[in-house]
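Read-outs: derived from the displayed coordinates by stated rules, not from any lab. Model, not experiment: these values are computed from the prediction. Heads up, the Cβs are rebuilt from the backbone with ideal geometry, glycines too, and the neighbour counts pull from every protein chain shown.
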Amino acid sequence: MLFALKIAEPLKKPFLNLLFPAHLLILFSFFLLPTPLRPADTSEKANLVRYSLEGEWQFRAADHGPWCKAKVPGCVHTDLMDNGLIPDPFFRDNETKVQWVENENWEYRKEFEIPDSLLNKSHIELVSKGLDTYARVFINGEKIAETDNMFRGYRFDLKPYLKSGLNELRIEFESPVKRENLREAALPYKLPGGAPHSRKAPYQFGWDWGPRLVTSGIWRPIYLEAWDRSRVEEVEVVQEFKPKNEVLLHLKASILSDQSQKLQIKAVVSGKKKDYIKTQPILLQKGLNNQTITLQITNPALWWPNGMGEQNLYTAKILLYREKQLLDSATKRIGLRQLVLEQKDDRWGKSFQFVVNGVPFFAKGGNWIPADSFVTRVTRQKYERLLKDCVEANMNMLRVWGGGNYESPEFYDLCDELGLVVWQDFMFACAMFPGNDAFLENVRQEAEYVIKELRHHPSVALWCGNNECEEAWFFWGWKEALPLKVWEDYEKIFHRILPQAVETYDSSRPYWPSSPHSEKLGDPRSDKSGDMHYWGIWHGMEPFEEYTKKFHRFFSEFGFQSFPLIETVKTYTLPEDWNITAPVMELHQKHPQGNKLILYYLLDHYRLPLDFENLLWLSEILQAEGMKIGVEHWRSQMPRTMGTLYWQINDCWPVASWSGTDYYGTWKALHFYAKRFYSPVLVVPLADGKILNVYGISDLQAPIDAELRWSVQTYKGEPIKKDILRVKLEPGKSQILLSKPLDELKENFGENEVYFYCELNQGWKNLSSNVYHFSELKRVSLPEPEIKKEVAFEGEKIIVALDCQKFAKNVYLWAPGIKGRFSENFFDMVPGKKYRVEFLPEDKIKAILLEEALKIKSLKDTY
Ligand code: BMA
């Protein structure tokens, strides 16, 4: 929930002659050399050719200053940084020093030579996949287009404007803030939200975890396409599941033709084992033509979410021929699966669960925000690392939150490959929007474009209208403060335009108007149906235990903040900033009450840490423990609750936030905890009044026989009692394996003297283990655990073997100076057990180096 959008006042901009001193003029003048164009995609010898316009461009503050070197795709902030013209906005308080950038108009240009072979083509078009945001496009000085939506792709006819030899493409970007203000001034009332009149990533305007960095630029691919006669405009692949293990694939091609003509169309679907091919003649009329080719796939290899089976993928290709000559082709990678959102009446209200290939599954994951304030810096490697880390934490679903961007194609490709189901919001968050015709048409076209871009991805499960706009209207005082017209405009967008777009372009996927939302409009907090954002904890200052009193059907948001660890804090601070109330640390805390809330909760559970570094560290444990309470309770309640997506997976800059992995991808305690609380088989001790229930929860698809071992021990290491039980865990179920009165378990010991430990094993394999504390840990005098460690190579792997004499809470391993991560961290150790942790180095290292650098601490060492 966004209680206060912090919108920083722009600082005065420095004089532009300071920004562009004369010596830079000379320095940058050699960039004026034109770049010869090369075909971007030479693998296919089709008539249609594509020429990339990416790479080196020039930019300047519009109308003045020298042209400087720019990188496309990119944005004005990264270009200014690369030219040394602004400091890194992430360092210390530099964010405040670069605010002037948003008030400038910027222009980008590129000169390129056109080969005659290209000019001879009957059609030459400029294709842009993203211009951020208010752009005017000029070719050889002539204005050919104006755009006002960063989320839409555009195609412009260039044929009439291009000439032989040198051409110039120039794109002007008007200050988004100025244009937003103009649009705002045209309405008699002020709409709530960051920049509701602009179709531009909302988080750029500042969020409660993100800086205000309102940028401009050519942020997605841009290229020329030249073709004759005909091209494939679009392919939709519709799956029809048949009995007897068959799927009919309907490849619906839209083909553009500049004349009446007879061509050949070929459809090819390729799986791992087999290709399915069909060729047929096609009679085209001038204009857009639709043709469907159906292929029958036998014994389909299905696509499954992570943890449920393989992520089998097929490619579906449409090729267009004129006699032997390939004119154009289009390929989509798909996965064969039935993935539905099931909402059926049941004894608690109405279910809200995802069902894949007939199997319901508990959604385990979190909310994804853009991985950088400047998303053009996010490489495929960065996506891959973050998403693989989600898989490693046993997640199967991510929500792409509506205040960021529609993610780049790599993101969805990786989700397809890794089995991460995507809950996709449309990009509307915590705001109300205008309802004039131009805005509505812009939204309609955006939805059409985005749906067509993403609909072939098997990972995408659902389209959701917005983030918290319905909730805000009914619960944040907006309904009372704003005219009814604002709600009518809301209904136009979220109850008409967007669902219609989903119905028209992607009818097999569900549309959900808002997150949160329930069966009854205006009741987004219902625990009977729909999804829920539960923020009583954190924003509402309720204790963590409140989670265990909530039984909503699907938690699409809940969360708690923490600081990043000292290594990350060092990247944006100087030693003089190392205090959470120092101005730089406060600037990197965007929630107005954030630091207070962390301390408020911390004092309930833990002793005050020794120093700054330990406070950062302990805040992560506090956060992780909070999330653990929620998730373990909700998993124990399945099938009443069928999903937990915590807020939030990642960060867009180094900051105190709700994230489980920080800006650099470093796992916070939460991500390690998630790996455990999202494990496919989970053992959970949960107190219910005076009884301790031990739940066994299985997300597996077959029953398993396991062994439940439990014990009560003193923190000092004396065993009190223990037992072993044989249990059968049913697939997709949560069951109580053991119930005992708390008093009986702890006997005559004080509640701060003993703890309860349990584990589920299958043969030698430990499936899950857990600890229950009878008291808050601040009341427990934790003993010195006497941890022994040994570092050794096992084959290629570097393993740290550990054991302890006495109970150890939140054992933490780190190795200063060595890049890499431990497979487990922030874990508890009980005496008598051996622990093995793998070190995953970023570069090859010798075990001895790790042994020398390895450090270990636990909760005991923080106070
Ligand atoms: C959620 C999100 C964001 C916000 C977060 C923390 O509701 O939708 O708006 O960043 O809460 O306040």
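Please report, in cubic angstrom per residue, the volume enclosed by the convex hull of the alpha-carbon atoms of the range 749-863. Walk me through the numbers on the way to the answer.
On the way: hull volume 13.6 nm³, N = 115.
Roughly 118 Å³ of hull volume per residue.
Most simply put, the chain has about 85% antiparallel DSSP beta bridges, counting only bridges with both residues inside it.
Between helix 176-185 and the chain there is an angle of about 90 degrees, using the helix long axis and the longest principal axis of the Cα atoms.
Quick check for me: using +1 on Lys/Arg Cβ and -1 on Asp/Glu Cβ, what's the dipole size of the range 87-127 about its Cα centre, in debye to the nearest 20? It would help to have the intermediate numbers written out before the result.
On the way: 5 positive and 10 negative charges, 14 e Å.
Taking the Cα centre of the range 87-127 as origin, the dipole is about 60 debye.
Across the options SER254, PRO196, SER216, the greatest Cα extent toward the positive end of the charge dipole of the range 188-280 (unit charges at beta carbon of Lys, Arg, Asp, Glu) belongs to SER254. Distance cut-off 25 Å, Cα to Cα: go down the list LYS570/LYS833; LYS690/LYS765; LYS789/LYS809; LYS242/LYS286; LYS549/LYS722 and report the pairs above it. Distance filter (> 25 Å) returns LYS570/LYS833; LYS690/LYS765; LYS242/LYS286; LYS549/LYS722. Of the cross-linked pairs LYS452/LYS590; LYS716/LYS778; LYS273/LYS332, which ones have a Cα-Cα span greater than 25 Å in the structure shown? The answer is LYS452/LYS590. Approximating the spin labels as points 7 Å out from Cα along Cα→Cβ, the ASP604-to-GLU488 distance works out to 4.5 nm. Taking θ as phi - 60° and the Karplus parameters 6.51, -1.76 and 1.60, the scalar couplings of the range 392-406 work out to 5, 8, 6, 7, 10, 8, 10, 9, 7, 6, x, x, x, 10, 5 Hz in sequence order, x denoting glycine and proline. Ordering of 755-762, 853-860 by packing is 755-762, 853-860, highest average first (other Cβ atoms within 10 Å, averaged per residue).
The residue among THR581, VAL177, TYR314 whose Cα reaches farthest toward the positive pole of the charge dipole of the chain, with charges on the beta-carbon of Lys, Arg, Asp and Glu, is TYR314. A cut-off of 5 Å between modelled amide H atoms, ignoring neighbours fewer than 5 places along the same chain, links GLN325 with no other residue. Under Stokes-Einstein, with the Kirkwood radius over Cα pairs as Rh, the value for the range 710-761 at 25 °C and 0.890 mPa s is 196 µm²/s. Magnitude of the charge dipole for the range 215-352, about its Cα centre and with charges confined to Cβ atoms of Lys, Arg (+1) and Asp, Glu (-1), is about 320 debye.
Note down the Stokes-Einstein diffusion coefficient of the range 159-273 in µm²/s, whole number, using a Kirkwood radius over alpha carbon pairs, 25 °C, and 0.890 mPa s. Present the calculation step by step, with values, prior to reporting the outcome.
Details: Rh = 20.5 Å.
D, rounded to a whole number, is 120 µm²/s.
Roughly what percent of Cα-Cα pairs across the range 45-95 reach past 16 Å? So the portion of pairs separated by more than 16 Å is 53 percent. The phi-based Karplus calculation (6.51 cos²θ - 1.76 cosθ + 1.60; θ = phi - 60°) puts the 3J(HN,Hα) values of the range 851-859 at 4, 5, 8, 4, 10, 9, 9, 8, 3 Hz, whole numbers, x for Gly and Pro. Taking only Cα atoms, what is the 0 to 90° angle, nearest 10, from helix 437-454's long axis to the longest principal axis of the chain? With both axes taken from Cα atoms, the answer is about 70 degrees. For the range 104-113, backbone phi angles converted through the Karplus equation (6.51, -1.76, 1.60; θ = phi - 60°) give residue-by-residue couplings of 8, 8, 10, 9, 10, 8, 9, 9, 8, 9 Hz, Gly and Pro being listed as x.
Remark: spin-label model distance PHE156-GLU410 equals 2.7 nm, labels positioned 7 Å along the Cα→Cβ axis. For GLU233, nonlocal amide neighbours, meaning residues 5 or more places apart or on other chains whose placed amide H falls under 5 Å from its own, are SER254, ILE255, LEU256. A cut-off of 5 Å between modelled amide H atoms, ignoring neighbours fewer than 5 places along the same chain, links LEU738 with VAL694.
Against the chain, whose longest principal axis comes from its Cα atoms, helix 612-636 is set at around 90 degrees. Taken over the alpha carbons of the range 106-178 as equal point scatterers, the Debye sum produces base-10 log I(q)/I(0) values at 0.22 Å⁻¹ of -0.99. Scaled against 2.2 N^0.38 Å for its residue count N, the alpha carbon radius of gyration of the chain is 1.00. Model label points for GLU448 and GLN338, set 7 angstrom from Cα along the Cα-to-Cβ axis, are 3.2 nm apart. Peptides 833-844, 57-68 ordered by packing proxy, namely the average of other Cβ atoms within 10 Å per residue, highest first: 57-68, 833-844.
When each of the peptides 611-622, 640-651 is scored by how many other beta carbons lie within 10 Å of its residues on average, the order from highest to lowest is 640-651, 611-622.
The charge dipole of the chain, taken about its Cα centre with unit charges on the Cβ of Lys, Arg, Asp and Glu (plus for the first two, minus for the last two), comes to roughly 1700 debye.
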